[in-house]
Structures are given as C-alpha cells and as structure tokens.
Amino acid sequence: MEILFAETRYKKPISREFMKKIREAIEPYKKINLVASVQYLNQLEQIRKEIKDKEFILLKSNYRALYPGQILGCDVLAAGCEDCDVILSLTQGMFHVLGILVKYDKPVINVDVENENIEFLSPDNFYKKRIMQGIGLALTAKKVMFVASIKLIQYYPFDKLKEFFIKRGVETYTVVFDDVDFKTLNEFRDIDIFINTACQRIAMDDMNKIEKPIINAEDLEDYLTKNKMLG
C-alpha cells in the first residue's frame, strides 16, 4: 500500500474581530517572528498585510521545512530570529509549539485561527534542564550509541559528533531503524546515553519510554560548537 501526503491550506481568512485580538496581543512588542504549521501559512500573509505598524520577520529553514515561516515538529528553525521580541505562532495544540519553547528563549503567542484562541507561553525550562543533563551525561559517558533512521527526512548528519567521541576514547556505536523501536533500545543496558539523529521529537515526546538518557544530536552539537569543543 502506497501512502501519499498532500499539503493543504486552511482557506478561511481571519475574521476582523479575531484580527483585532491578535493586534492587541502583539501590541507590547516591536519585532515579531512569524511562524506557522503548513496549513496556516496563508494566514501569516494576511497578518502581514493587515497589521502594518509592526515589524514582522519570516525566516526560512535550511533543514526540512520548505516555506518561509513554516515549522514542523522536528524543524522549528524558522523561529530562530535572535533579535525578535516575541514569536507569533499559528498552530493547533502544543505539538509544534513545544519544539519552539525548548529551542529558543523567547515568549510565544500561540494563535489557533480555527477556534479563535490565543495563548501566551514562556520558554519551557523543564525540557531545557533535561537537555543540559543529557549534555553533562554525554560528556562523561564511556559508551554512547547513535540512534539513526533510514528515513531520509529524519536524518541528521552526525559524523562530527561521532569523531568527537572517538577522539575522547569513548566507545561509540550506531543502531539503525526504519521506525525506532524503544524495546530494542532498552536491550542495550550497558550504554550510558543515546544520541538521537532521527526525528527530534523522540527525545522529547518519547523519552519516558527509554530507560537510558537520550539527547538530540543537534542540541549536543549546538552546545559543543558554542563552547568551541567541536571544530
């Protein structure tokens, strides 16, 4: 059986009344980073056209997302405007927003245009603490295992990280899945930490299914690069 995924857009424009509420929500901010899941990209353009007294920034990811302002569960790089005051996100639920809160120290205004709901969110400290704990464990580990997927869209290159551990004398292994199997991972009882190079949400949404610590390769690489530990 072949499964095809087709993009769709939510075509209903934002009502005048709800646009007024969005305007009120962003009033305290000057520079606003606009992001949305793919179905709401049209509404991002509507906001830009109708609210002209604010500076809006749309960034395009160089990773998996295809369009300016688009975010995915595993790619929120479009939310990476460093000098923006707030991130205005058009999504439903917390799935996409959680990735933003973990990666960036910015407040988020999450807008559900279908249900006309606005929610103010602060950076998520719980997951950031887990990331820092994972980094500490990775730097003291004796055995690490990279978790990879054969799905091309879930691949994060980890050659530099692997070389980093080998040079430190750390025993380094790689396990490859189609769909990551948590029961199989739990069989590797002598591994100190897993480094996830597949879908990033595994290390967030599914970390309680894995008995050993797990950290995303991207988060570890970012830390090592910023601290000049990785060339």
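The values are calculated or read from the model by the stated rules, or taken from the named source; none is laboratory data. Treat the numbers as computed from the prediction; the structure is a model and nothing was measured. Virtual Cβ from ideal backbone geometry, glycine too; neighbours counted across all protein chains shown.
Points worth noting:
- Verdict on Leu34 being part of a loop (DSSP other than H, G, I, E, B), at pLDDT 95 or above and either assigned by TED's automatic domain parsing to the domain that holds Gly93 or under 20 Å from Glu114 (Cβ atoms) (or both): no
- Some residue of segment 152-173 being of a type outside the set (Val, Ile, Thr), surrounded by 17 or more Cβ atoms within 10 Å (Cβ to Cβ) and closer than 30 Å to Lys20 by Cα: no
- Within segment 158-190, considering residues that are hydroxyl-bearing (Ser, Thr, Tyr) and part of a strand (DSSP E or B), the one nearest to Ile135 (Cα to Cα): Thr172
- Residue tally, condition closer than 21 Å to Gln46 by Cα and either outside any strand (DSSP E or B) or in contact with a Lys or Arg (Cβ under 6 Å, 6 or more places away or on another chain) (or both), over segment 82-92: 5
- Some residue of segment 42-60 being under 30 Å from Ala198 (Cβ atoms), modelled with pLDDT under 95, surrounded by 15 or more Cβ atoms within 10 Å (Cβ to Cβ) and not basic (Lys, Arg): no
- Search result, residues across segment 110-168 that are touching a residue at least 60 places away in the same chain (Cβ under 8 Å) and among the acidic types (Asp, Glu): Glu114, Glu116
- Whichever residue in segment 47-90 is touching a helix residue (DSSP H, G or I) at 6+ places or on another chain (Cβ under 8 Å) and among the basic types (Lys, Arg) and, among such residues, is farthest from Val108 (Cα to Cα): Arg64
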